[in-house]
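Taking it in order: structure first as structure tokens, then the write-up.
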Amino acid sequence: MAHAKAERTLVVIKPDGVQRTLVGEIIKRYERMGLKLVGMKMLVPSHDHVEVHYTLDPHWIKNVGEKSIESYKKKGLTPPTDDPIKLGKGVLENLRKYLTSGPVIAMVWQGAHAVQIVRKVTGGTEPLSSDVGTIRGDFVLDSYQMADSDTRAIRNLIHASGSVSEAEKEIPHWFKGEELMNYRLVQEQILYDVNLDGLLE
Ligand code: GDP
Ligand code: MG
């Protein structure tokens, strides 16, 4: 089995993140935790690219619908529909518009627990309820209710893979093998070596 430090995750700074000039701020959040940047590019994705990205997981449409309905109910609000598939399909259509509206920055970050730790720092899907201190909690203010009533996707600055298996499917969808760098970062010795020897002169 590969060492935990080999785990990789996909992060995409969505068009609103680029427009809000938060690219540097977002990269800093991941970089300062000790993660290693192994791939990065700017592009305007096509509608098809976005649709394939979100349907790499065949359960995504239903899951996203269920997550949204649950969030409405938790706040004592009535969801726009009780059918998770219908809601999920609407979200996908809106995401196609959102993510193709301008350039995005796609990145691959590597390090121990990369998927989970990137999700933790990124924060929950809905900026209204995501934790203070997370990127989505600190830099943007959208909600399920406002986005749904305006028939658009929630603007939350970032896509980050939700699980290791999602990351393994998403990374090759965005990057060719040769676009990902295999290299040693000197700080990895401090993060991962069993013995911190060789520091003292
Ligand atoms: P993520 O993994 O936290 O990005 O969330 P999901 O994979 O569940 O959803 C993908 C993206 O769709 C989110 O980041 C939002 O931009 C958008 N989105 C998700 N759920 C909803 C929803 O119920 N309503 C609206 N309007 N947008 C949503
Ligand atoms: Mg997701």
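The values are calculated or read from the model by the stated rules, or taken from the named source; none is laboratory data. These numbers come from a predicted model, not from an experiment. Note that we place each Cβ from the backbone using ideal geometry, even for glycine, and neighbour counts take in every protein chain shown.
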With respect to residue 58, is the statement that it is in contact (Cβ under 8 Å) with a residue 40 or more places away in the chain and in a loop (DSSP other than H, G, I, E, B) true? no
Buried (at least 16 other Cβ atoms within 10 Å of the Cβ) and farther than 29 Å from residue 36 by Cα - does that describe any residue in the stretch 118-130? yes
If a residue has to be hydrophobic (A, V, I, L, M, F, W, C) and in contact with a His (Cβ under 9 Å, 6 or more places away or on another chain) to count, how many in the stretch 44-75 make the cut? 2
So, first residue more than 12 Å from residue 27 (Cβ to Cβ) and without any contact (Cβ under 8 Å) to a residue 40 or more places away in the chain in the stretch 103-126, second residue acidic (Asp, Glu) and surrounded by fewer than 24 Cβ atoms within 10 Å (Cβ to Cβ), Cβ within less than 6 Å, six or more apart or across chains; the pairs are 123/131
Against the condition surrounded by 13 or more Cβ atoms within 10 Å (Cβ to Cβ), assigned by TED's automatic domain parsing to the domain that holds residue 26, within 16 Å of ligand 1 (Cβ to nearest atom) and without any contact (Cβ under 8 Å) to a residue 60 or more places away in the chain, how does residue 154 come out, does it pass? yes
For the stretch 76-97, which positions are free of Cβ contacts under 8 Å to residues at least 24 places away in the same chain and either within 15 Å of residue 124 (Cβ to Cβ) or of a type in the set (S, T, N, Q) (or both)? 78, 81
Give me a count of the residues in the stretch 20-55 that are assigned to a helix (DSSP H, G or I), farther than 30 Å from residue 190 by Cα and more than 16 Å from ligand 1 (Cβ to nearest atom). 1
Number of positions in the stretch 131-144 that are surrounded by fewer than 18 Cβ atoms within 10 Å (Cβ to Cβ) and closer than 15 Å to residue 75 by Cα: 1
Within the stretch 129-164, the residues that are under 14 Å from the mean Cα position of the chain (by Cα) and within 14 Å of ligand 2 (Cβ to nearest atom) are 130, 136, 154, 156, 157, 158, 159, 160, 161, 162, 163, 164
